[in-house]
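Derivation of every value follows stated rules applied to the coordinates shown; laboratory data play no part. None of the values given here were measured: they were computed from a predicted structure. In this analysis, Cβ positions are derived from the backbone assuming ideal geometry, glycine residues included, and neighbour counts consider all displayed protein chains.
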Amino acid sequence: MAIAIILLRGKTGTKPDIVKTLDLLRLTRINHTVVLADSKKYERMLHMVKDYITWGEISKEMLTAMVEKRGRLPGNKKVDPTKVFSIVSAIEKGEKTEIKPVFRLHPPRKGLKDKKAKYPEGDLGYRGKAIDDIIKRMI
């Protein structure tokens, strides 16, 4: 099962080890999203930056929609619709794909609840399957 990680807060004024961890996760700007295949490898990294990100298990349908609409090839070219299924299956398996590893999403429609509180009162931290709701609003 793949997990989606979304950066919700900026890195200005944060500790250098948190900035380094976010850079290793390829989260450089607000509203950038990364999809990883295995969460066990990244569990400690996610715990370290939990006050800046939200994450959860993304469904295959939402991953397909995100690759179709926001996935980009090098040179900022859109993904060919015939290749979407193979790209989604490669992402779920953790294999390398030809698309860029970061999805640049819009800010969520109707805004966020709270950028400083944990989910479900706010938007930070682990969401589980509810990550699909915020991604749907951001695509």
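Scan Lys60, Lys110, Lys78 and give me the residue that is out of contact with any Lys or Arg (no Cβ under 9 Å at 6 or more places or on another chain), more than 16 Å from Arg127 (Cα to Cα) and of a type in the set (Lys, Arg).
Going through Lys60, Lys110, Lys78 in turn, the sole match is Lys60.
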Right, Lys116: more than 16 Å from the chain's Cα centre (by Cα), exposed (fewer than 15 other Cβ atoms within 10 Å of the Cβ) and under 21 Å from Lys11 (Cβ atoms) or not?
yes
How about region 62-92: which of its residues are of a type in the set (Lys, Arg) and either farther than 25 Å from Leu22 by Cβ or surrounded by 18 or more Cβ atoms within 10 Å (Cβ to Cβ) (or both)?
Arg70, Lys77, Lys78, Lys83
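For Val49, are the conditions met, namely being touching a residue at least 24 places away in the same chain (Cβ under 8 Å) and either farther than 22 Å from Asp17 by Cβ or within 14 Å of the chain's Cα centre (by Cα) (or both)?
Details: touching a residue at least 24 places away in the same chain (Cβ under 8 Å): yes; either farther than 22 Å from Asp17 by Cβ or within 14 Å of the chain's Cα centre (by Cα) (or both): yes.
Against the criterion (touching a residue at least 24 places away in the same chain (Cβ under 8 Å) and either farther than 22 Å from Asp17 by Cβ or within 14 Å of the chain's Cα centre (by Cα) (or both)), Val49 qualifies.
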